[in-house]
Amino acid sequence: MGTILSVKDLRVSYGAIKAVKGISFDISEGEIVTLIGANGAGKSTTLNTIAGLLKPESGEVKFKGESLIGIKPHKIVSMGIALCPEGRRVFTQMSVEENLEMGGYTRSDAENQETMERVYERFPRLKERMGQSAGTMSGGEQQMLAMGRALMSRPQLLMLDEPSMGLAPILVQEIFDIVKELNEQGTTILLVEQNASMALSIADRGYVLETGTITKTGTGQELLHDDDVRKAYLGG
Ligand code: ATP
């Protein structure tokens, strides 16, 4: 299948701080691709730039052949990319249902009604709690809500920033199972994780990011068994 996203020589800075120093990678339609790396490697910066939330210094980001540089975040959502941000960032004062509605703001009411049904089927807990204010949900529930909200736009490419952060192991497993299922049903996934073993075990391919530079790439299995990767990210 064809390339859905291509990133070429991307550079992103925060003032004098160079967070992403010329990275290139691509994702084919239907793949799960993961970016792994330590704290501060530039993973979130990369996702936020693709989503249009940060402006790169230079480089190119193309989605299905179209440049995303200078395109507003809401337009990027309507083109087919959704970001599930780090730390979940649900709207805490709003109900579960209102959070989902926010995720569907680029879609029609009729479409949203249908998508919400599907989200509730996938995450029954959200349905049980549709009236509860999001800020009072547990960490795992908020992660599911953040994913549900991202799905409301019916993305072709779903970007997940550290979905396992702060979750108990059993929930981490559940979240990764859901990511795999979404992929099997046709959504292309770009997954950023510090939990490298989990991420690599479900990924078709991965890229290792170190202080703003890609230092290694391979299939999920290759990286999972790579000595350097094991030492640095998998605890030996
Ligand atoms: P983590 O896993 O800890 O979230 P990350 O790989 O996602 O790390 P980024 O959040 O992309 O890393 O950060 C990359 C670098 O950019 C870090 O050195 C960080 O301190 C810096 N940085 C990130 N956001 C800002 C900001 N708003 N202003 C200044 N520097 C920033």
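Translational diffusion coefficient, Stokes-Einstein: compute it for the range 78-125 using the Kirkwood radius over C-alpha pairs as Rh, at 20 °C and 1.002 mPa s, and state it as an integer in µm² s⁻¹. The estimated diffusion coefficient comes to 181 µm²/s. Looking at the range 89-236, what % of its DSSP beta bridges pair antiparallel, to the nearest 5? Within the range 89-236, antiparallel bridges account for around 60 percent of the total.
What FRET efficiency comes out for the pair LYS64/GLN132, r = Cβ-Cβ distance, R0 = 25 Å, nearest 0.05? Working from the Cβ atoms, E equals 0.10. The alpha carbons of the range 15-139 give a radius of gyration and a Dmax of 16.9, 47 Å, in that order.
What number results when the radius of gyration of the chain, computed over Cα atoms, is divided by 2.2 N^0.38 Å? Kindly include the intermediate steps, with their values, before the conclusion.
On the way: Rg = 17.2 Å, N = 236, 2.2 N^0.38 = 17.5 Å.
So the chain has a normalised radius of gyration of 0.98.
For the range 135-236, the fraction of C-alpha pairs more than 20 angstrom apart is 41%.
So, by mean Cβ neighbours within 10 angstrom, what's the order for 151-164, 39-52 with the highest one leading?
Values: 151-164: 22.9, 39-52: 21.0.
Ranking the peptides 151-164, 39-52 by packing returns 151-164, 39-52.
Report, in whole Å, the centroid distance computed from the Cα atoms of the range 120-168 and the range 69-94. Their Cα centres are 14 Å away from one another.
Once you list every other residue whose beta carbon is under 12 Å from the beta carbon of ARG205, what net charge do they have if Lys and Arg are +1 and Asp and Glu are -1?
On the way: positive: LYS216; negative: ASP26, GLU31, ASP204, GLU222.
Neighbourhood net charge equals -3.
Other residues lying with their Cβ under 10 Å from the Cβ of ILE27 contribute a combined charge of -3, Lys and Arg counting +1, Asp and Glu -1.
Within the same chain, lysines fewer than 8 places from LYS18 are excluded, and of the rest, those with a Cα less than 28 Å from its Cα are LYS8, LYS43, LYS55, LYS62, LYS64, LYS72, LYS75, LYS216, LYS231. If you average over every viewing direction, what projected area does the convex hull of the Cα atoms of the range 109-155 give, in nm²? The orientation-averaged projected area of the Cα hull of the range 109-155 comes to 3.2 nm².
Report the normalised scattering of the range 1-57 as log10 I(q)/I(0) at q = 0.13, 0.14, 0.20, 0.28 Å⁻¹, calculated by the Debye formula with identical scatterers on the alpha carbons. Calculated log10 I(q)/I(0) at the listed q: -0.34, -0.39, -0.76, -1.27.
Expressed as a whole number of Å, what is the distance separating the alpha-carbon centroids of the range 177-220 and the range 23-45? Taking the Cα centre of the range 177-220 as reference, the centre of the range 23-45 is 7 Å away.
Calculate, in nm to one decimal, what GLU57 and LYS180 gain on full extension: separation in residues at 0.36 nm each, minus their alpha carbon distance. Walk me through the intermediate numbers first.
On the way: separation 123, 0.36 × 123 = 44.28 nm, distance 3.36 nm.
This chain segment gains 40.9 nm when fully extended.
Counting Lys and Arg as +1 and Asp and Glu as -1 over every other residue whose Cβ lies under 9 Å from the Cβ of VAL192, the net charge comes to -3.
Every read-out reported here was derived from the displayed coordinates using simple, explicitly stated rules and does not represent laboratory data. Computed from a prediction, not measured in an experiment: that's the story for all the values here. Cβ: placed from backbone, ideal geometry, glycine included. Neighbour counts: every protein chain shown.
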